[in-house]
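For reference, the structure discussed in these notes is given below.
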Amino acid sequence: MQAILRSDVAGLGQRGDIVEVADGHFRNFLLPKGHAFKASPGAIEQAARMRASRDARDHESREAATAIATKLVPQTITITAKASSEGKLFGSVSAADVAEAVKAQTDIEIDRKNIEIDGVRSTGSHTATASLHSSVSFPITLEVVAAE
């Protein structure tokens, strides 16, 4: 049967997509949870409007993410952390630390959940990856220095 998705469903499609699903899947999962409704000629027109608004929002968020990326890529973010005399950190630098440093140094707010960083446990130059949109991810250059 054909169904129109009201929300993004993993492995099935995005909001406004017309998908072919089994009757039982529609009746037992998609319909009771409010994820989809049955496709009809009027509903198909509504789905087209949903897709158009989704595409417009997606374009705006991609543009915003690209603007942030062009500002952050050439910059180096400095993070101060407690470290031993050999340069080993007492702990590690987390995504929250990176987000806080970016906000303090550039006034650009990035959610810590969008930052991916591997175990930074020493002073020096490191790289974190920020993914602000499904098609926009960029490196953030970090300089970790020992606290005085």
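The values are calculated or read from the model by the stated rules, or taken from the named source; none is laboratory data. Just so you know, these numbers come straight off a predicted model, no measurement behind them. Positions of Cβ are backbone-derived with ideal geometry, glycine not excepted, and every protein chain shown enters the neighbour counts.
Filtering Asp23, Asp8 for residues that are out of contact with any His (no Cβ under 6 Å at 6 or more places or on another chain), among the acidic types (Asp, Glu) and surrounded by 11 or more Cβ atoms within 10 Å (Cβ to Cβ) leaves a single hit, Asp8.
Between Val93, Val136, the distinction of being over 30 Å from Ser7 (Cα atoms) and in contact (Cβ under 8 Å) with a residue 12 or more places away in the chain belongs to Val93 only.
Go over the candidates Asp17, Asp8 one by one and state the one that is of a type outside the set (A, V, I, L, M, F, W, C), touching a strand residue (DSSP E or B) at 6+ places or on another chain (Cβ under 6 Å), under 30 Å from Val136 (Cα atoms) and not assigned by TED's automatic domain parsing to the domain that holds His133.
On the way: Asp8 fails: touching a strand residue (DSSP E or B) at 6+ places or on another chain (Cβ under 6 Å).
None of the other options fit; the residue is Asp17.
This table checks each residue for (1) closer than 26 Å to Val136 by Cβ; (2) of a type in the set (Gly, Ala, Ser); (3) within 25 Å of the chain's Cα centre (by Cα); (4) not assigned by TED's automatic domain parsing to the domain that holds Asp107.
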{"site": "Phe26", "(1), (2), (3), (4)": "no, no, no, yes"}
{"site": "Ala36", "(1), (2), (3), (4)": "no, yes, yes, yes"}
{"site": "Pro41", "(1), (2), (3), (4)": "no, no, no, yes"}
{"site": "Ala52", "(1), (2), (3), (4)": "yes, yes, yes, yes"}
{"site": "Asp55", "(1), (2), (3), (4)": "yes, no, yes, yes"}
{"site": "Ile68", "(1), (2), (3), (4)": "yes, no, yes, yes"}
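Of all the residues in the stretch 37-56, those that are of a type outside the set (A, V, I, L, M) and surrounded by 11 or more Cβ atoms within 10 Å (Cβ to Cβ) number 8. Just to be sure I understand the filter: pairs with C-beta atoms under 9 Å, separated by 6 or more residues or on different chains, first member in the stretch 39-64 and within 14 Å of Leu5 (Cβ to Cβ), second member among the polar types (S, T, N, Q). Which pairs pass? Correct list of pairs: Ala39/Gln2; Ile44/Gln2; Arg51/Gln14; Arg54/Gln14.
Just a yes or no: is a residue in the stretch 90-99 of a type in the set (D, E, K, R) and exposed (fewer than 14 other Cβ atoms within 10 Å of the Cβ)? No; the residues of the stretch 90-99 include none that is of a type in the set (D, E, K, R) and exposed (fewer than 14 other Cβ atoms within 10 Å of the Cβ).
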